[in-house]
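The values are calculated or read from the model by the stated rules, or taken from the named source; none is laboratory data. Only a predicted model underlies this, so the values are computations on that prediction, with no experimental measurement involved. Reconstructed Cβ throughout: ideal geometry from the backbone, glycine too, with neighbour counts over all protein chains shown. Just the protein is used for accessible areas: all its heavy atoms, side chains included, with ligands, DNA and RNA removed. Shrake-Rupley method; radii C 1.70, N 1.55, O 1.52, S 1.80 Å.
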Amino acid sequence: MEWCDVHGRVLPAAGPPETSRDREGCYTVTSHVNVPKTDNNTFTCRVQQPKIKHMKERRVHIPDQMFPTQCKSSWLTGLVAALVGVVAGAGGIYLLIRKGMLTISMEPWTSVMQNP
């Protein structure tokens, strides 16, 4: 079993196909493939049985709505990046304090220079 794009190029499978046979001798073949969004989203599933020289093909159209959409909001990307930075920074400070490599003093600041 293989999946092809509209140009006939074979798409890589996400794992080996699974085959089972029912009581009547008919086969069921299951395969998983990640398909990229294309201009027409048309793909072909091809199943071959070389022992009896039999092949079946089926074209499949996947609607645009089935493909995930990318977030185009730059402010959301910036917000997520900022939150990740804050969490990572806080986690780093916590680990440094926990390992004793950083101490926090609650005493007020004192002037380094003294009046003459």
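Within the stretch 15-34, being in a strand (DSSP E or B) and within 31 Å of the chain's Cα centre (by Cα) holds for 18, 19, 20, 28, 29, 30, 33. Pairs meeting the criteria (first residue in the stretch 81-102 and free of Cβ contacts under 8 Å to residues at least 40 places away in the same chain, second residue open to solvent by 60 Å² or more (accessible area, probe 1.4 Å) and in a helix (DSSP H, G or I), beta carbons under 7 Å, at least 6 apart or on different chains) are 102/93; 102/96.
Yes/no matrix, rows are residues, columns are (1) touching a strand residue (DSSP E or B) at 6+ places or on another chain (Cβ under 7 Å); (2) surrounded by 10 or more Cβ atoms within 10 Å (Cβ to Cβ); (3) modelled with pLDDT under 85:
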position: 11; (1), (2), (3): yes, yes, no
position: 24; (1), (2), (3): no, no, no
position: 27; (1), (2), (3): yes, yes, yes
position: 38; (1), (2), (3): no, yes, no
position: 45; (1), (2), (3): yes, yes, no
position: 52; (1), (2), (3): no, no, no
position: 58; (1), (2), (3): yes, no, no
position: 64; (1), (2), (3): no, no, no
position: 76; (1), (2), (3): no, yes, yes
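When the stretch 35-66 is filtered for residues that are part of a loop (DSSP other than H, G, I, E, B), among the hydrophobic types (A, V, I, L, M, F, W, C) and within 20 Å of residue 10 (Cα to Cα), the ones remaining, listed by number, are 35, 62. For residue 32, state whether it is exposed (fewer than 11 other Cβ atoms within 10 Å of the Cβ) and within 25 Å of residue 11 (Cβ to Cβ). Spelling it out, it is not the case that residue 32 is exposed (fewer than 11 other Cβ atoms within 10 Å of the Cβ) and within 25 Å of residue 11 (Cβ to Cβ).
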